[in-house]
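Asker: What follows is a single structure, and I will ask about it in a moment.
The values are calculated or read from the model by the stated rules, or taken from the named source; none is laboratory data. Since this is a predicted model, take the numbers as computed values, not measurements. Note that each Cβ is placed from the backbone with ideal geometry, even for glycine, and that neighbours are counted across all protein chains shown. For the accessible areas, the whole protein counts, side chains as well, though only heavy atoms, and no ligand, DNA or RNA atoms are used. Shrake-Rupley method; radii C 1.70, N 1.55, O 1.52, S 1.80 Å.
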Amino acid sequence: MNEPLRDQVVLITGAAGGIGRAVAGAAIAAGARVLGVDRLEMRPEILPEHDLFRIDVGDWDAWREIEQEISSRFGRLDGLVSAAAVMHPRDGDVLDLDQEAWQDTLRSNLTGALLASQAAVRLMGESGGSIVHLASTVAHLGSAEPQLAYTASKGGILALARELAVAHALSGIRVNLVSPGLISTPLTSHLVADEQALERRLAHIPLQRLGKPEEVAEAVVWLLSQASRYVTGAEIVVDGGMTAAFLTGDK
């Protein structure tokens, strides 16, 4: 059996659902010991015989506790996948975005990515490892239906990951990005709530379908593995060709 992550200890944020859950399943299938983190309750069957931590990923003190527990139990960390993200229902344009929506989104998406990276770099030390951040195609594209806080948080993750990649390369820590397009998850379901909305979105996707969380997970596992050992500071876009397209067919 091909297990590119055999015996590796991998920490995954946002593991309770969506892309994070798919990444957890793919990492387990690849042989990893997965430590799942989420602020939502995680049923044990999501990560059978693996470890679950229920915290707010934007909580500095909670991360120190997790870091200490991982250090005492495993003595190391081989991989991190920062997948935790929220889309606040009151996110919007600069004129109607409220304070709570902005702060909650940045706390979960960007501060959470920072704190997870901080813990991972300490735990990896000079032994090295692989960090994968989940960004988004919205970090590259403006939207006629703004979600300013979410977009800003994902743009921040792009910059964060690239700087980490340069700063820690000599320690053997690789830092890369996976930027999904429109993936079929509970987080994005409101964007395709009816046939008209779905058709409008698909008009901009050359492959003419939504992506699957498992398709994003496969890219993440490759970046975690030694198959990508000469890849750092890079971004893999998993979007069905959306960001490459000016027009799609006769749409």
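Asker: Quick check on the stretch 162-184. Is at least one of its residues open to solvent by less than 20 Å² (accessible area, probe 1.4 Å), of a type in the set (Val, Ile, Thr) and touching a Pro at 6+ places or on another chain (Cβ under 8 Å)?
Answerer: yes
Asker: Being at pLDDT 95 or above, assigned to a helix (DSSP H, G or I) and not small (Gly, Ala, Ser) is the filter here, so list the residues in the stretch 106-136 that pass it.
Answerer: Passing the criteria: Leu106, Arg107, Asn109, Leu110, Thr111, Leu114, Leu115, Gln118, Val121, Arg122, Leu123, Met124.
Asker: Additional query: Can you give me the number of residues within the stretch 117-128 that are open to solvent by less than 30 Å² (accessible area, probe 1.4 Å) and either among the polar types (S, T, N, Q) or touching a Leu at 6+ places or on another chain (Cβ under 6 Å) (or both)?
Answerer: 4
Asker: Check Leu170, Leu224, Leu177, Leu187 and return the single one that is more than 25 Å from Gly142 (Cβ to Cβ) and under 16 Å from the mean Cα position of the chain (by Cα).
Answerer: Leu224
Each row is one residue, and each column tells you yes or no for (1) over 18 Å from Leu115 (Cα atoms); (2) of a type in the set (A, V, I, L, M, F, W, C); (3) modelled with pLDDT under 95; (4) out of contact with any Phe, Trp or Tyr (no Cβ under 6 Å at 6 or more places or on another chain).
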position: Arg6; (1), (2), (3), (4): yes, no, no, yes
position: Ala26; (1), (2), (3), (4): yes, yes, no, yes
position: Leu52; (1), (2), (3), (4): no, yes, yes, yes
position: Ala62; (1), (2), (3), (4): no, yes, no, yes
position: Leu77; (1), (2), (3), (4): no, yes, no, yes
position: Leu80; (1), (2), (3), (4): no, yes, no, yes
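Asker: Let me ask another. Do the conditions hold for Ile55, that is, is it surrounded by 16 or more Cβ atoms within 10 Å (Cβ to Cβ), over 20 Å from the mean Cα position of the chain (by Cα) and hydrophobic (A, V, I, L, M, F, W, C)? Walk me through how you get there before you give the answer.
Answerer: On the way: surrounded by 16 or more Cβ atoms within 10 Å (Cβ to Cβ): yes; over 20 Å from the mean Cα position of the chain (by Cα): no; hydrophobic (A, V, I, L, M, F, W, C): yes.
Considered against the rule, which asks whether it is surrounded by 16 or more Cβ atoms within 10 Å (Cβ to Cβ), over 20 Å from the mean Cα position of the chain (by Cα) and hydrophobic (A, V, I, L, M, F, W, C), Ile55 comes out as no.
Asker: Working only within the stretch 78-96, note down all residues that are crowded, with 19+ Cβ neighbours inside 10 Å, aliphatic (A, V, I, L, M) and out of contact with any His (no Cβ under 9 Å at 6 or more places or on another chain).
Answerer: Once the filter is applied, which keeps residues that are crowded, with 19+ Cβ neighbours inside 10 Å, aliphatic (A, V, I, L, M) and out of contact with any His (no Cβ under 9 Å at 6 or more places or on another chain), the stretch 78-96 yields Ala84, Ala85, Val86.
Asker: Same structure, new question: Would you check which residues across the stretch 96-105 are at pLDDT 95 or above and among the hydrophobic types (A, V, I, L, M, F, W, C) and list them?
Answerer: Ala101, Trp102 - these are the residues of the stretch 96-105 that are at pLDDT 95 or above and among the hydrophobic types (A, V, I, L, M, F, W, C).
Asker: While we're here: Please list, ordered by first then second residue, the pairs with beta carbon atoms under 7 Å, 6 or more apart or interchain, first in the stretch 127-141 and over 23 Å from Pro4 (Cα atoms), second among the hydrophobic types (A, V, I, L, M, F, W, C) and not in a strand (DSSP E or B).
Answerer: Close Cβ pairs (under 7 Å, with a partner that is among the hydrophobic types (A, V, I, L, M, F, W, C) and not in a strand (DSSP E or B)) amount to Ala135/Ile157; Ala135/Leu158; Thr137/Met242; Ala139/Leu158.
Asker: If you don't mind, another one. So the check is Cβ under 9 Å with 6+ separation or different chains; which pairs have a first residue in the stretch 225-249 that's under 19 Å from Lys212 (Cα atoms) and polar (S, T, N, Q) and a second one that's at pLDDT below 95 and part of a loop (DSSP other than H, G, I, E, B)?
Answerer: Within 9 Å, the pairs are Thr243/His140; Thr243/Leu141; Thr243/Gly181.
Asker: Something else now. Determine which single condition Ile12 fails, assuming it passes every other condition in (1) within 28 Å of Ser225 (Cβ to Cβ); (2) open to solvent by 30 Å² or more (accessible area, probe 1.4 Å); (3) in contact (Cβ under 8 Å) with a residue 40 or more places away in the chain.
Answerer: If we test Ile12 against (1) within 28 Å of Ser225 (Cβ to Cβ); (2) open to solvent by 30 Å² or more (accessible area, probe 1.4 Å); (3) in contact (Cβ under 8 Å) with a residue 40 or more places away in the chain, just (2) comes out false.
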